[in-house]
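Single-structure report; data block below.
The values are calculated or read from the model by the stated rules, or taken from the named source; none is laboratory data. Just so it is clear, the model here is predicted, and its values are computed rather than measured. Using ideal geometry, Cβ is built from the backbone for each residue, glycine included, and neighbour counts are taken over all protein chains shown.
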Amino acid sequence: MHLLSPSILTADLLRVGQAIEFINQSQADWIHIDVMDGLFVPNISFGFPLIEAVKKASVKPLDVHLMIVEPERYIERFRKSGADILTIHYEASRHLHRSIQSIHAEGMKAGVALNPHTPVEVLTDILPFIDMVLVMSVNPGFGGQKFIGHTYRKLLRLKSMISEINPDVLIQVDGGVDLSNFRQLIEAGVDVLVAGNAVFGAASPIDTICKLKAEV
C-alpha cells in the first residue's frame, strides 16, 4: 500500500492548525513540510518555529524536505524541531554521504531529492545508505505547478536501480500530483505521494485524501 504525505505548503497559512487537525483524522500517513531558503530555490518558506508547532499538534510523522544550501549545517536543529524524515537535495550537498550519516546519527530517516534535470544514475553509490529518494516532478520552489511528463520514464529507471541495489529504498514523488495521475505514478513504482494543491485546493480535502489512498 502506498503512502500519502500532504504538503502544507499550499494550505491556508492562517489555518495551519486546522489543516494539521484534519490530516491527523485522515488516512494520510505523513505531513510534508517544505523548507526553502531563497537561495537554492527562489522562494522562502517554513522555519523551525512552524515545524516545532506542527510537531506538537501532529500525530503523523513529519516528512521534512530541505530546499536549502548547506543543509548539513542544520541537521541536528531539524531533528530537535521534530523532523522524522529529513530529505536533502543531491544538488545542494557537497558531501552527501557524510550528510546522510549525520541524519541517521540523529535518529531520522534520510532521503535524497533530485531536481527534474538531474538523472537518477547519480544515486548509484548512495542508494545503499539511504531510506528514500524524492523525485521532483516540477521545478522546486512553488506549489501548484504542472507535472513534468518525463518523470514517468525517470521513475521507471530509478525503480530498476533500487531493485538491484537496495530494494528497501522508498520512492517519493513531489509536484503536480493529483487524482488524474496518481495511479500511473504508483504503477511506475512510487511508494510515497506528496500532494499539496490537490488536497488543500479541493472542495473536500478529506475525500480527496481517501481517493489518493485508494488501491491501484
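Per-structure values
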| quantity | calculated |
| --- | --- |
| Selection within the range 144-177 - surrounded by fewer than 20 Cβ atoms within 10 Å (Cβ to Cβ) and modelled with pLDDT under 95 | Gly144, Gln145, Lys146, Phe147, Ile148, Gly149, His150 |
| Failed criterion for Ser163 (all others in (1) touching a strand residue (DSSP E or B) at 6+ places or on another chain (Cβ under 6 Å); (2) in a helix (DSSP H, G or I); (3) of a type in the set (S, T, N, Q) hold) | (1) |
| Subset of the range 123-143 (residues that are exposed (fewer than 15 other Cβ atoms within 10 Å of the Cβ), in a loop (DSSP other than H, G, I, E, B) and over 15 Å from the mean Cα position of the chain (by Cα)) | Thr124, Asp125 |
| The lone exception for Pro71 - which of (1) within 21 Å of Leu4 (Cα to Cα); (2) buried (at least 21 other Cβ atoms within 10 Å of the Cβ) it fails | (1) |
| Set Leu114, Leu155: member being without any contact (Cβ under 8 Å) to a residue 60 or more places away in the chain and touching a Gly at 6+ places or on another chain (Cβ under 6 Å) | Leu155 |
| Elements of type strands (runs of 3 or more DSSP E) contained in the range 6-93, each with 2 or more residues being among the β-branched types (Val, Ile, Thr) and within 30 Å of Ser204 (Cβ to Cβ) | 31-36, 85-89 |
| Cβ-Cβ under 6 Å pairs, at least 6 apart or on other chains, the range 119-138 side among the charged types (D, E, K, R), far side buried (at least 20 other Cβ atoms within 10 Å of the Cβ) and at pLDDT 95 or above | Asp131/Ala110 |
| Neighbours by Cβ (under 7 Å, 6+ apart or cross-chain): first from the range 42-55, in contact (Cβ under 8 Å) with a residue 40 or more places away in the chain; second outside any loop (DSSP other than H, G, I, E, B) and surrounded by 13 or more Cβ atoms within 10 Å (Cβ to Cβ) | Asn43/Met36; Val54/Ile20; Val54/Ile31; Val54/Ile33; Val54/Leu62 |
| Count - residues of the range 117-159 that are within 20 Å of Ala198 (Cβ to Cβ) and of a type in the set (Asp, Glu) | 0 |
| The range 180-192 residues that are under 19 Å from His65 (Cβ atoms), paired with ones that are small (Gly, Ala, Ser) and not in a helix (DSSP H, G or I) (beta carbon under 7 Å, 6 or more apart) | Val192/Ser5 |
| Qualifying residue in the range 31-49 (condition: buried (at least 18 other Cβ atoms within 10 Å of the Cβ), farther than 30 Å from Asp125 by Cα and not small (Gly, Ala, Ser)) | yes |
